Amino acid sequence: KERAEYHNVKYAISCANGTDALFLSLKALGIGEGDEVITTPFTFVATAGAIVNNGAKPVFVDINPDDFNINVDLIEEKITSKTKAILFVHLFGQPTKMEKIMELAQKYGLYVIEDAAQSTGLKYKGHCACLSFYLTKNLAGMGDGGAILTNDKELNDKIRMIKNHGINETYVSEVVGINSRLDSIQAAILRIKLKYLDKSLKKRKENAQYYCEQ
């Protein structure tokens, strides 16, 4: 609840790690065998791995030389009849320019999934999605952890079911799911650290600016 309020979204779904956040998002959207997902080649292997582990094919689009994020001007030429989603990364906390991506998604009827594992606290015109709370992230627990952010109730309900062995409220397994719970101790630690996130991000920006100037 606190996480959803911080990001100004309706739903925040905790899970075991950032990799599961990507996997669960793709699975809940029905992406699988024979589908293609456009993504970036310059990211941690988990981004493409989540696509492959759902049975789909990652289609790589080159990056910008200035911020290392996906080059949005090269995406459209890679869209085919098999393309189902665009999964991009806000790398190193730098926002991908999303206007073009959302425009293409509307034009071709594609899903959009954001890998914001390195970008917790990033605000770019109201968007955010798959988060990681691994030890090296800017909001870190004392181990693994992840979350998915969405405003879609149907997607929220489906992800919550899949991450708990596909079990619904009546304890019936409707789909083949996985076990991807956020440990309660990690959740407690993250609740405390969330209060200091904005202060921490401000200091990071100041440090980055110092390095640039020097």
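The values are calculated or read from the model by the stated rules, or taken from the named source; none is laboratory data. Only a predicted model underlies this, so the values are computations on that prediction, with no experimental measurement involved. Every residue, glycine as well, gets a Cβ built from its backbone with ideal geometry; the counts of neighbours run over all protein chains shown. Note: areas computed on protein heavy atoms with side chains; ligands, DNA, RNA excluded. Shrake-Rupley method; radii C 1.70, N 1.55, O 1.52, S 1.80 Å.
Restricting region 69-102 to residues that are out of contact with any strand residue (DSSP E or B) (no Cβ under 9 Å at 6 or more places or on another chain) and modelled with pLDDT under 95, the residue that is least open to solvent (accessible area, probe 1.4 Å) is G93.
The residue of region 160-196 that is farthest from N54 (Cα to Cα), among those that are touching a residue at least 12 places away in the same chain (Cβ under 8 Å) and touching a Ser or Thr at 6+ places or on another chain (Cβ under 7 Å), is A187. Out of contact with any Leu (no Cβ under 6 Å at 6 or more places or on another chain), touching a residue at least 24 places away in the same chain (Cβ under 8 Å), over 21 Å from H7 (Cβ atoms) and open to solvent by 20 Å² or more (accessible area, probe 1.4 Å), is that true of G109? Taking the combined requirement at face value, the residue does not satisfy it.
Across region 4-17, the qualifying residues are those that are touching a helix residue (DSSP H, G or I) at 6+ places or on another chain (Cβ under 7 Å) and open to solvent by less than 30 Å² (accessible area, probe 1.4 Å), and the one among them that is nearest to G49 (Cα to Cα) is C15.
Yes or no, residue by residue, for (1) of a type in the set (A, V, I, L, M); (2) farther than 18 Å from T120 by Cα; (3) open to solvent by 20 Å² or more (accessible area, probe 1.4 Å):
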position: F44; (1), (2), (3): no, no, yes
position: A56; (1), (2), (3): yes, yes, no
position: N64; (1), (2), (3): no, yes, yes
position: D67; (1), (2), (3): no, no, no
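Among the residues that make up region 29-42, is at least one of them assigned to a helix (DSSP H, G or I), touching a residue at least 24 places away in the same chain (Cβ under 8 Å) and crowded, with 20+ Cβ neighbours inside 10 Å? Taking every residue of region 29-42 in turn, none turns out to be assigned to a helix (DSSP H, G or I), touching a residue at least 24 places away in the same chain (Cβ under 8 Å) and crowded, with 20+ Cβ neighbours inside 10 Å. Considering (1) open to solvent by 10 Å² or more (accessible area, probe 1.4 Å); (2) out of contact with any Pro (no Cβ under 6 Å at 6 or more places or on another chain); (3) assigned to a helix (DSSP H, G or I); (4) closer than 30 Å to S200 by Cβ, the lone condition that L24 does not fulfil carries the number (1). Residue count for region 112-124 satisfying the condition of being crowded, with 21+ Cβ neighbours inside 10 Å and either free of Cβ contacts under 8 Å to residues at least 12 places away in the same chain or charged (D, E, K, R) (or both): 2.
Determine which member of the set I75, I63 is more than 25 Å from I167 (Cα to Cα) and touching a residue at least 24 places away in the same chain (Cβ under 8 Å). Testing whether each residue is more than 25 Å from I167 (Cα to Cα) and touching a residue at least 24 places away in the same chain (Cβ under 8 Å) leaves just I75.
Residue check: is K153 closer than 28 Å to I101 by Cα and crowded, with 19+ Cβ neighbours inside 10 Å?
no
So, of the residues in region 43-91 that are among the aliphatic types (A, V, I, L, M) and part of a helix (DSSP H, G or I), which turns out to be nearest to F23 (Cα to Cα)?
The selected residue is A50.
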